[in-house]
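Comments concern the structure below.
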Amino acid sequence: MSAPKILTQYIIKQFLMSFFAVLLTLGSIILLFDVIELMKKESIPSFGFANVLALGLLKLPNMLQTVLPFIVLIASIIVFWRLTKSSELVIIRSAGQSVWQFVTPLLVTSFIIGVFSVTIFNPFSAAMYAKFQRMDDDRRGQPHISSSQGLWLREHRDGKMYVVHAGGIRQEKLELTLKNVSILIFSDQNAFLKRIDAQQAKLHDGFFELGNVRIYENGKIIEYHDLLKIPTELTLGKIQENFASPETISFWDLPEIIQFFENSGFSAHPHRLHLQSLFVSPFLLMTMILIAAVFSVDPNQRKGGGALKISGAIVSGFLLYFMTRITYALGFSTALPVGFATWSPPLIFAFISIAMLLHREDG
């Protein structure tokens, strides 16, 4: 049996009020500490306080997504504490309402918040975080892309496979330069066709411009060119994605980026892991609600020990978050499968919380 509509609306209203209050408070604290930390860095005085504040604001959405589980946990603890303090929880239980009838609205609301965070807020957060990283690179005078360890690319086009290797890569503004470039061209049957070596290559819209070129092909003498253009479907944006952290990529763009990486010979493992962590985030929020209910909903409200219960809920929430970070790190290192690394902590804590609530409810 579901809870009365007026009770459901009242609980959801209380939860949303607490949620936005905690969101505003933690957001302000995070912004303050980020601005202070940025002001301590080198060369920041010449950068200007307005730019420092802009950096903090650009980073804030990503940080809010990170602490969203704690916001939901604290908001749910506040709701249960208010209901207990005002004896409303006692009245609700006396009216024959089970724990599930007033916890379910919070579970549904937290799930909706999680879906909103992933599908709508995440693209905004990713775009802001990408701007933060570019602005921070500009402040430190660093190029957006720079690597002395080389780069491998793979591209299927016109019935052939092109494997591009560069000994070094550097971006200056919107110009990408590759050093000591080798392009291996294979047929669809993986038969080697030719090799093109160049001292450097610049990526333009739709083609590579190669300089000081040598072309090696079976049965032919070596060809030399001062300048040669090779068509390509690769773009600066796509290559930048390989160097960007998964947090700077929108939820909706991740599947396409993963496919691009696999077709280009990149490892898409970090991005697959991040995508799965986004999928699991609504369920992580629901687990936080269950944890808060375990420590806040007690048939005997006269036992006291409210501070101890709140502490237990917060510690359990931190333990869950700590476990998700550990399994995420193990998944990143491929020590654990991606699915197990992202889904196991919230599911384990959810099942334990449900079992404890069922035990309390049924005695």
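Against the criterion of being in contact (Cβ under 8 Å) with a residue 60 or more places away in the chain, more than 30 Å from TRP252 (Cα to Cα) and of a type in the set (S, T, N, Q), GLN9 does not qualify.
Just one residue in the set ILE36, ILE77, ILE71 is under 23 Å from SER281 (Cα atoms), more than 21 Å from the chain's Cα centre (by Cα) and modelled with pLDDT of 80 or more; that residue is ILE77. Scanning the range 244-269 for residues that are assigned to a helix (DSSP H, G or I), out of contact with any Phe, Trp or Tyr (no Cβ under 6 Å at 6 or more places or on another chain) and modelled with pLDDT under 85 yields PRO246, GLU256, ILE257, ILE258, GLN259, PHE260, PHE261, GLU262, ASN263, SER264, HIS269.
Among the residues of the range 319-363, those identified as free of Cβ contacts under 8 Å to residues at least 12 places away in the same chain, assigned to a helix (DSSP H, G or I) and not aliphatic (A, V, I, L, M) are PHE322, ARG325, PHE351, HIS359, ASP362. One residue stands out in the range 306-346 among those that are in contact with a Phe, Trp or Tyr (Cβ under 9 Å, 6 or more places away or on another chain) and hydroxyl-bearing (Ser, Thr, Tyr): the one that is surrounded by the most Cβ atoms within 10 Å (Cβ to Cβ), namely THR342.
Any idea which residue in the range 73-111 is surrounded by the most Cβ atoms within 10 Å (Cβ to Cβ), counting only those that are among the hydrophobic types (A, V, I, L, M, F, W, C) and free of Cβ contacts under 8 Å to residues at least 60 places away in the same chain? Let's see the steps before the verdict.
Start the filter on the range 73-111 by keeping residues that are among the hydrophobic types (A, V, I, L, M, F, W, C), which leaves 73-75, 77-81, 83, 89-92, 95, 99-100, 102-103, 106-108, 111.
So of that shortlist, the ones also free of Cβ contacts under 8 Å to residues at least 60 places away in the same chain come out as 91, 95, 108.
On the way: ILE91: 11, ALA95: 11, VAL108: 14.
Ranking the candidates gives VAL108 first.
If you go through the range 164-188 and keep only what is over 30 Å from the mean Cα position of the chain (by Cα) and either modelled with pLDDT of 80 or more or surrounded by 16 or more Cβ atoms within 10 Å (Cβ to Cβ) (or both), you end up with GLY167, LYS179, ASN180, VAL181, SER182, ILE183, LEU184, ILE185, PHE186, SER187.
The residues of the range 196-206 that are surrounded by fewer than 15 Cβ atoms within 10 Å (Cβ to Cβ) and either in a strand (DSSP E or B) or among the charged types (D, E, K, R) (or both), listed by number, are GLN199, LYS202, HIS204, ASP205.
Of the conditions (1) modelled with pLDDT of 90 or more; (2) in contact with a Phe, Trp or Tyr (Cβ under 9 Å, 6 or more places away or on another chain); (3) crowded, with 19+ Cβ neighbours inside 10 Å, LEU210 clears all except one; give me its number. LEU210 satisfies every listed condition except (2). Within the range 229-239, is there a residue that is closer than 30 Å to VAL115 by Cβ, in a helix (DSSP H, G or I) and at pLDDT below 85? For the range 229-239, residues closer than 30 Å to VAL115 by Cβ, in a helix (DSSP H, G or I) and at pLDDT below 85: present.
The values are calculated or read from the model by the stated rules, or taken from the named source; none is laboratory data. As the structure is a computational prediction, the values presented were derived from the model and not from experiment. Glycine also receives a Cβ, built like all others from the backbone with ideal geometry; neighbour counts cover every protein chain displayed.
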